Amino acid sequence: VIEGKILGILSSQKVGPTIADDIRNKAIMAIGFALIIIFVYIAIRFRKWEFGLGGLISLAHDAFCTIGLFSMFYNILPFNLEIDQAFIAALLTIIGYSINDTIVVFDRIRENLKVLRRESFHNIINISINQTLSRTINTSLTTLIAVAVVWIFGGEVVHDFAFALFIGIGIGTYSSIFIASVLVFEWQSRLEMRKG
């Protein structure tokens, strides 16, 4: 643009399928690496691989459900739902959010294992989930309200990011309660049956 006149296009770039494949492969590697590191961290922190595997499966569930719902609404919602860097960032954010919630429940289970020694493992998990349930729901609802505001009133650039977060936080909330803890109980019960 010189003196208010447009002279022409100075440069143009095209994103080809090779770059898209590269981004996809690196995104899959990043998510896989994050899940493995989280599994190792939880297994070491709680000194039981059952906790690590329960957390890992619930996080994989969150990621796959978010991708699935995101794909289901493609061409249905009035905004762009491309799987791009913003979506990958949303997916990694969902994984971080969900594992934080799961660790809160696991911490309470670990504390109650020390305090409630006479209770069965089943009752300890139920008591722990009930003790952390109000915190989980309050935190998730507060976050969902903030994300919904960004989704509704944000610009076009953040619609797909906020939508992915909205889906993922909802899924992550129930998975930390109904999937991760249940898997830990199931594996622990099977180990005790084999020993006894």
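If you go through segment 57-96 and pick out every residue that is of a type outside the set (F, W, Y), in a loop (DSSP other than H, G, I, E, B) and open to solvent by 30 Å² or more (accessible area, probe 1.4 Å), you end up with 8.
If only residues of segment 153-177 that are open to solvent by 20 Å² or more (accessible area, probe 1.4 Å) and over 14 Å from the mean Cα position of the chain (by Cα) are counted, the one that is farthest from L92 (Cα to Cα) is F153.
V147 meets all of the listed conditions (1) among the aliphatic types (A, V, I, L, M); (2) in contact (Cβ under 8 Å) with a residue 40 or more places away in the chain; (3) buried (at least 16 other Cβ atoms within 10 Å of the Cβ) but one, namely (2). Tell me whether segment 126-133 contains one or more residues that are at pLDDT below 90 and either out of contact with any Asp or Glu (no Cβ under 9 Å at 6 or more places or on another chain) or part of a loop (DSSP other than H, G, I, E, B) (or both). Checked against the condition, which is being at pLDDT below 90 and either out of contact with any Asp or Glu (no Cβ under 9 Å at 6 or more places or on another chain) or part of a loop (DSSP other than H, G, I, E, B) (or both), segment 126-133 yields no hits at all.
For segment 97-104, the condition holds for no residue, the condition being that it is more than 22 Å from the chain's Cα centre (by Cα), of a type outside the set (K, R) and either outside any helix (DSSP H, G or I) or surrounded by fewer than 19 Cβ atoms within 10 Å (Cβ to Cβ) (or both).
Tell me, yes or no, whether segment 112-124 has at least one residue that is buried (at least 18 other Cβ atoms within 10 Å of the Cβ), under 22 Å from A60 (Cα atoms) and at pLDDT 90 or above. Among the residues of segment 112-124, not one is buried (at least 18 other Cβ atoms within 10 Å of the Cβ), under 22 Å from A60 (Cα atoms) and at pLDDT 90 or above, which makes the answer no. Only one entry in D22, D84, D107 is closer than 22 Å to F178 by Cα and either acidic (D, E) or at pLDDT below 80 (or both), namely D107.
If I ask for residues that are without any contact (Cβ under 8 Å) to a residue 60 or more places away in the chain and either in contact with a Leu (Cβ under 6 Å, 6 or more places away or on another chain) or in a helix (DSSP H, G or I) (or both), which ones from segment 183-196 would you list?
Those that are without any contact (Cβ under 8 Å) to a residue 60 or more places away in the chain and either in contact with a Leu (Cβ under 6 Å, 6 or more places away or on another chain) or in a helix (DSSP H, G or I) (or both): E186, R190, M193, R194, K195.
On inspection, I28 passes the criterion of being among the hydrophobic types (A, V, I, L, M, F, W, C), in a helix (DSSP H, G or I), open to solvent by 30 Å² or more (accessible area, probe 1.4 Å) and at negative phi.
The values are calculated or read from the model by the stated rules, or taken from the named source; none is laboratory data. All of these numbers come straight from a predicted model, not from anything done at the bench. With ideal geometry, Cβ positions are generated from the backbone for all residues, glycine too; neighbour counts draw on all protein chains shown. All accessible areas refer to the heavy atoms of the entire protein, side chains included, with ligands and DNA or RNA removed. Shrake-Rupley method; radii C 1.70, N 1.55, O 1.52, S 1.80 Å.
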